[in-house]
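Let me begin by presenting the structure, written as structure tokens, before commenting on it.
None of the figures in this text is laboratory data; all of them are computed from the coordinates on show. Since the structure is predicted, the reported quantities are computational estimates derived from the model, not experimental observations. Glycine gets a Cβ as well: all are built from the backbone with ideal geometry, and neighbour counts include every protein chain shown.
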Amino acid sequence: MRRICTALTALLFAAPAMAGSEVWQLRGPNPDEVVTALRGLYGDAVRVERINDRLLLVGQEQQLQGILDLLEEIDQPPLPLLLTISMVPPPQAGSRLYATGDSSYRIETVEQALVAIDHERLAQRFSGSDGWVVMIDEEPVEVRSLMLQIRRLGSDTIEVLTSFAQRDGDHRRVLGNQRTGRLGEWIPLLPTPAASVTPARYTSSHSDQLWLLVEALERR
């Protein structure tokens, strides 16, 4: 708190013509994007400084009130999410039918949190495989775990970032995949034919698949 008061005092002395100041407690998962947006909108007319999880705003009172109203809209807490992970494909695109049994499970999380998906947890009733088999550069690769991160792009549009590690002897590289989908619709997570990512190209003509359903939960 002392650091914030010191910084605010310095800003006020540096801009004596400005009429007021506000401190905003950041709530959302993208504070740097909020700062960039405000600076782009107001330029030199308003000073915007981020200190830890707060914003210091210095400017004319009328402008500051407008910024606070804007922050109420754009700086929202992370959206609570319910993830359903399944090894059973949905019967049709966009279906909301839930898979049941040992081939699926659910996770409560929030947007942009990292979520680990382990093959062992999903496939306890299956034997003979320690992971999902996918094709990378025409070679079969066994994937034992995935990391997911989900980001909203709109009211019901989401971006799903998937990453997993590939081991080749003592070497390890992390591969990534990015898909766009909608809340309430099934999204395939594992590589599919003709999908390309850096640094490896996925060219699977036959592979296992893992399905994700993302639903928004009410904020508590």
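Miscellaneous remarks
- 3J(HN,Hα) along region 179-188: 9, 10, x, 10, 4, x, 10, 6, 10, x Hz, from the Karplus curve 6.51 cos²θ - 1.76 cosθ + 1.60 with θ = phi - 60°, whole Hz, x for Gly and Pro.
- Long-range HN-HN contacts of W186 with modeled amide H, under 5 Å: G94, S95
- With K and R counted +1 and D and E -1, the other residues having a Cβ less than 14 Å from that of L57 yield a net charge of -3.
- Computed from the C-beta positions of A19 and D53, the FRET efficiency with R₀ = 30 Å rounds to 0.70.
- Sites D69 and A165 - FRET efficiency at Förster radius 35 Å, r taken between beta-carbons, to 0.05: 0.20
- Here's how it looks for V143: its modeled amide H is under 5 Å from those of W132, V133, V134, which are all 5 or more places away or on a different chain.
- Each peptide in 62-73, 109-120 gets a packing score, the mean of other Cβ atoms within 10 Å over its residues, and the list from highest to lowest is 109-120, 62-73.
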